[in-house]
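Here's the structure, in structure tokens; my notes come after.
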Amino acid sequence: MTPGRDPGYDQDTCCENFGRVKEFGALMTSALDGFFEAQKEFSVVQFSTRAQIVRYLNPAEQTIAAIESLDYTGGTTNHQAAIEMCQETLLLDGDSGRKNFIMMITDGISTFSSGSDASQDAQVAARQAEQEGTFIVPVFIRKNVNDILSKQFMSSLSTDGAVFDVSNFSSLTNLRDILVEQVSCSEAQK
């Protein structure tokens, strides 16, 4: 068993679920690339206990290739590091005048951070990113759809309070059109 992995899932299940997340990430990148007429660039940050930038801002085709090459790492959930690394990729070019979005796909609440309170540290990172002009859209995969506290926490990371959640990994593809509409509405409001 991989240290830090959800004990409710075995290695095969984790890899299958991660495969669905990768498929969803590629699907969303393709959908968003086809939706907007303006120039679009995407980055990829993979996170668990730590976050790492896999791909800085690039066209959709290169981004999809990066997503497809990801390997499951296991670990705890560090939303603070994920948001900070995403923001780093977005701010690298300085103020380009574009609208920045973070779509954070996660299957758990914050359980690890650089500080002493993982949840609070994630919320601080989210507010900082928003102050820098980034719109955060959480996609939350949870086993128990009745877990109101977890959904409230994820809502606290969202720029507009909306959380797109599914009860299992196979439901991810059903979210595509809803999320494209959410991002396009956010773009129109800028």
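The values are calculated or read from the model by the stated rules, or taken from the named source; none is laboratory data. Fair warning: this is a prediction, and the values are worked out from it, not measured in the lab. Backbone-built Cβ (ideal geometry, glycine too); neighbour counts: all protein chains shown. Surface areas here come from the heavy atoms of the whole protein model, side chains and all, with no ligands, DNA or RNA. Shrake-Rupley method; radii C 1.70, N 1.55, O 1.52, S 1.80 Å.
Remarks
- Binning the alpha carbon pair distances of the range 82-143 at 5 angstrom intervals from zero yields the distribution 4, 17, 27, 24, 16, 8, 3, 1, expressed in whole percent.
- Only protein atoms count toward the accessible area here, which uses a 1.4 Å probe; on the range 27-118, the carbon and sulfur part of that area reaches 47 percent.
- For residue 45, net neighbour charge (Lys/Arg +1, Asp/Glu -1) across residues whose Cβ lies under 10 Å away: -1
- Relative to one another, the C-alpha centroids of the range 103-122 and the range 18-74 are positioned 20 Å apart.
- For the range 11-109, the Kirkwood radius over C-alpha pairs fed into Stokes-Einstein at 20 °C and 1.002 mPa s yields D = 152 µm² per second.
- Rolling a 1.4 Å probe across the protein heavy atoms gives the range 18-169 an accessible surface of 49 Å² per residue.
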